[in-house]
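Values in this text are rule-based calculations from the coordinates and carry no lab data. Since the model is a prediction, treat every value here as computed from it, not as a measurement. Cβ placement follows ideal geometry from the backbone for every residue including glycine, while neighbour counts extend to all protein chains displayed.
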Amino acid sequence: MTTTHFLDVDDLSRTELLNTLDRAEELKAAEPSGQLADKTLAMLFEKESTRTRISFETGMTQLGGHAIFLSPDDTQLGRGEPLSDTARTLSRYVDAMMVRVFDHADAVEMAEYANVPVINGLTDDAHPCQTVADLLTIREEFGSFDVRAAWIGDGNNVAQSFVLGCAMVGIDLTVATPEGYGIEDSVLDRAAKFDGEIDVTTDPTEADAADVVYTDVWVSMGQEDERAEKLQAFEGFQLNQSLLDGQAVLHCLPAHRGEEITDRVLESDRALVWDQAENRLHAQNALLTTLID
Ligand code: CP
Ligand code: NVA
């Protein structure tokens, strides 16, 4: 049997994604159960995390299993043991691995060598667990996916997985990014296989027809050296009172208030960000119970 990995949203079929969302909704409404009793998740983090780490760890506890947090310094990875050897070794102990790494190719390599599911907890290219939580939040708020969404900001990891997720569930999405910071063509090609229509623009005001507007930081982890250049490029892309007109607002968090979003917008009733953060837990519990045997 081949192992099912979750490296990006379209590793699931459309039906599997919708089933995962239904399962997340059920798990959110249910008492925690012990369905992953005796199961262990290894969590490998090259980058910092609040939500991903705590939600996966709490999720495994709720499901009756166990999670092990590993930074590179806790393992022989920090002393140069190859990812391929690490993946094969961990596969002999644990039932799944969650990896947060810089280079997406490293997550792919882990998946190639692992014979337990590898779940992408964020790479420089993708953040699929976030997208499942985002879609759950949109469906909770609007009752369906018959909504128009907009992404305003960097065409980064969170944006790329969101583009795929929207396309898969049939949400029409406008993506407004500054010139040179757009979604990769290969991601747009993958999204084009599904029903949701994706429009790309460099004009953030074109997002005004949306029901829900999503943004993320302009300077992602690992891009600290590009800070000055990016702050300049993203001028005009801030979610603030003058750009918005009553739309619901999403942000994967952490937010940099005063950069991509104002404090006023983030603290307003229209911001769904705390439900969105909570939904990481339920979305991932659904994924864990689906992917782990
Ligand atoms: N949204 C998200 O992945 O947050 P963390 O970086 O805190 O895990
Ligand atoms: N784009 C951000 C997301 C953090 C959850 C980053 O990669 O730092």
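The slack in the chain from THR4 to THR61, taken as 0.36 nm per residue of separation less the alpha-carbon distance, amounts to 18.3 nm.
Tell me whether segment 212-292 comes out rounded, prolate or oblate; compute the Cα gyration tensor, take square roots of the eigenvalues as a ≥ b ≥ c, and use a/c under 1.5 as the rounded threshold.
oblate
Helix 128-142 against the longest principal axis of the chain: what's the angle in degrees, Cα atoms only, rounded to the nearest 10? Helix 128-142 sits at roughly 50 degrees to that axis. Ordering THR290, GLN232, GLY80 by Cα displacement along the dipole of the chain toward the positive end leaves THR290 in first place; charges were set at the Cβ atoms of Lys, Arg (+1) and Asp, Glu (-1).
GLN223 to ASP189: FRET efficiency via 1/(1 + (r/R0)^6), r the Cβ-Cβ distance, R0 22 Å, to the nearest 0.05? Before the final figure, lay out each step's value.
Details: r = 25 Å, r/R0 = 1.12.
Efficiency, from the Cβ-Cβ distance: 0.35.
Could you tell me which of rounded, prolate or oblate describes the chain, using a ≥ b ≥ c as the square roots of the eigenvalues of the alpha-carbon gyration tensor, with rounded for a/c under 1.5 and, failing that, prolate when a/b is larger than b/c and oblate otherwise? It comes out prolate by the Cα gyration axes.
With 0.36 nm allotted per residue and the present C-alpha distance subtracted, the GLN76-ARG264 stretch has 63.2 nm of extension available. Counting neighbouring beta carbons within 10 Å and listing from fewest to most, the residues TYR214, TYR93, TYR181 come out as TYR93, TYR181, TYR214. What is segment 90-183 by shape, rounded, prolate or oblate, if you read a ≥ b ≥ c off the alpha carbon gyration tensor as root eigenvalues and call it rounded for a/c under 1.5, prolate for a/b larger than b/c, and oblate otherwise? Oblate is the answer for segment 90-183, as a/c is 1.5 or above yet b/c matches or exceeds a/b.
Helix 51-62 sits at what angle to the longest principal axis of the chain, using alpha carbons and giving 0 to 90 degrees rounded to 10? Around 50 degrees separate the two axes. Placing unit charges on the Cβ atoms only, positive for Lys and Arg and negative for Asp and Glu, gives segment 163-293 a dipole magnitude near 380 debye about its Cα centre.
Counting other Cβ atoms within 10 Å as a rough exposure proxy, the listed residues ARG14, ARG92, ARG139, ARG280 run ARG92, ARG14, ARG139, ARG280 from fewest neighbours to most. Each of LYS230, LYS39 was scored by other Cβ atoms within 10 Å of its Cβ. Listed from fewest to most, they are LYS230, LYS39. Magnitude of the charge dipole for the chain, about its Cα centre and with charges confined to Cβ atoms of Lys, Arg (+1) and Asp, Glu (-1), is about 920 debye.
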